[in-house]
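Below: the structure, in structure tokens.
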Amino acid sequence: MATATIIDGKHYAARLRVGIATQVARLKAEHGITPGLAVVLVGEDPASQVYVRNKGSQTREVGMNSFEHRLPATATQAELLARVAELNRNPAVNGILVQLPLPKQIDPEAVIEAIAVRKDVDGFHPLNAGLLAVGGTGMVPCTPLGCLMLLKDRIGSLAGLRAVVLGRSNIVGKPMAALLLREHCTVTIAHSRTRDLADECRRADVLVAAVGKARMVKGDWIKPGATVIDVGINRVPTPDGKGRLVGDVDFESAVEVAGAITPVPGGVGPMTIACLLLNTLTAACRQHGIPAPEVRPSA
Ligand code: GUN
């Protein structure tokens, strides 16, 4: 059986960051503007701390300003909303990201809705979600945007392809489906209540798995030659007790059937932060009335 092409998201994201850094340098030289990204972390969730650290270092690497705000796990919703309001008013801050998940005393929807729409670089605000649904130019959530870039880099035009999105979250599944529709795919959203899930997946030319279930999608769920994007990041136990990361796709069987597939780690993950930086650059340009540049990955 043929073996799929491995889509190297880590390499693509690195090239994209070089392209972003070039545009950031231009923005500074021509307009005296340095884009700024504020990341707010509430509490001490270890995984969130790693993400926030990575976001900060990559933000600085592309030449942007990084502002880190930490609140204790006991912070109230009012305290977090006050911090968001302050960042909304700060002209040096072009993008605001409040790291999820939040402690249980805080309603994430209230926080997301408090972020200024033009600074919502996560694209989670209902107004940005609505703009994506009706084809407007808002902020597009980073993970689906990264998936789309990898797909277009691999396939070119997606017009007319059958796309199946596995998962219906507001963060990945729904915006991914909207983006694929915008690219003229025939889109199906499948989920935990879908009948004959494997059959639905087998019809897909493009399969995006974002359900958070380790190795759920088996090789025989995949149409031969299909392009498979694995958004899942699941830690599974190993004999040495350290555990390892696997996707929502059973890579070993899928790689024998798919035409191309993203690995975990090193596939979609690195694209998410690169797209966050891209959204911050876009937000900074829009806030200053400058056309957002077309960022290309470096050769
Ligand atoms: N937690 C895990 N991923 C994300 C993300 O993309 N944005 C935010 N705000 N929190 C997250």
*Which length gain, in nm to one decimal place, applies between N65 and H184 when the Cα-Cα distance is subtracted from 0.36 nm times their residue separation?*
39.2 nm
*Size of electric dipole in the chain: Cβ of Lys, Arg +1 and of Asp, Glu -1, about Cα centre, debye, nearest 20*: 320
*What does the charge count near D205 come to, summing +1 for each Lys or Arg and -1 for each Asp or Glu among other residues with Cβ under 10 Å from its Cβ?*
+3
*Write out the cysteines belonging to the chain for which the nearest other cysteine Cβ is not under 4.7 Å, or none if no such cysteine exists.*
C147, C185, C201, C285
*asked:* Using a Förster radius of 41 Å, what is the FRET efficiency between T22 and A159 based on their Cβ-Cβ separation? Nearest 0.05, please.
replied: 0.85
*asked:* Going through the cross-link list K55/K119; K55/K152; K174/K242; K152/K218; K152/K174; K10/K174, which pairs have a Cα-Cα distance over 22 Å in this structure?
replied: K55/K152; K174/K242; K152/K218; K10/K174
_Distant-in-sequence amide H partners of A204 (H built 1.01 Å from N, under 5 Å)_ = K223
*Could you state the number of Å between the C-alpha centres of segment 223-299 and segment 1-79?*
14
*asked:* Could you tell me what a quarter of the Cα convex hull surface of segment 11-81 works out to, in nm² with one decimal place?
replied: 5.8
_FRET efficiency, 1/(1 + (r/R0)^6) with R0 41 Å, evaluated for E294 and D196 via beta carbons_ = 0.50
*For the peptides 195-201, 208-214, what is the packing order when you average, over each peptide's residues, the other Cβ atoms within 10 Å and list the highest mean first?*
208-214, 195-201
*Using the beta-carbon distance between R203 and E79 and R0 = 41 Å, what value does 1/(1 + (r/R0)^6) give for FRET efficiency, to the nearest 0.05?*
0.25
*Order these peptides, 74-86, 235-247, 136-148, 29-41, by their mean beta-carbon neighbour count within 10 angstrom, highest first.*
136-148, 29-41, 74-86, 235-247
*Under the Kirkwood approximation for Rh and a Cα-based Rg, what ratio Rg/Rh is obtained for the chain?*
0.97
*Starting with the highest mean, order 113-120, 153-160 by the number of other Cβ atoms within 10 Å, averaged over the residues of each peptide.*
113-120, 153-160
*Helix hunt in the chain: which complete DSSP H runs extend at least 27 Å axially by C-alpha with mean Kyte-Doolittle at least -1.0?*
9-31, 269-287
*How much space per residue, in cubic angstrom, does the convex hull of the C-alpha atoms of segment 243-299 take up?*
130
*Amide H neighbours of M64 under 5 Å, at least 5 residues apart or on other chains, H built in the peptide plane: list them.*
none
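Return the calculated 222 nm mean residue ellipticity for the chain, to the nearest 500 deg cm²/dmol, obtained by summing -39500 (n - 2.57) across DSSP H runs with n ≥ 4 and dividing by the residue count.
On the way: 10 runs with 121 residues, N = 299.
Taking each H run of at least 4 residues, the total per residue is -12500 deg cm²/dmol.
Each value in this text was obtained by applying a stated rule to the coordinates, not by laboratory testing. Given the structure is predicted, the values throughout are model-derived calculations rather than measurements. Cβ coordinates were reconstructed from backbone atoms using ideal geometry, including for glycine residues, and neighbour counts include every protein chain displayed.
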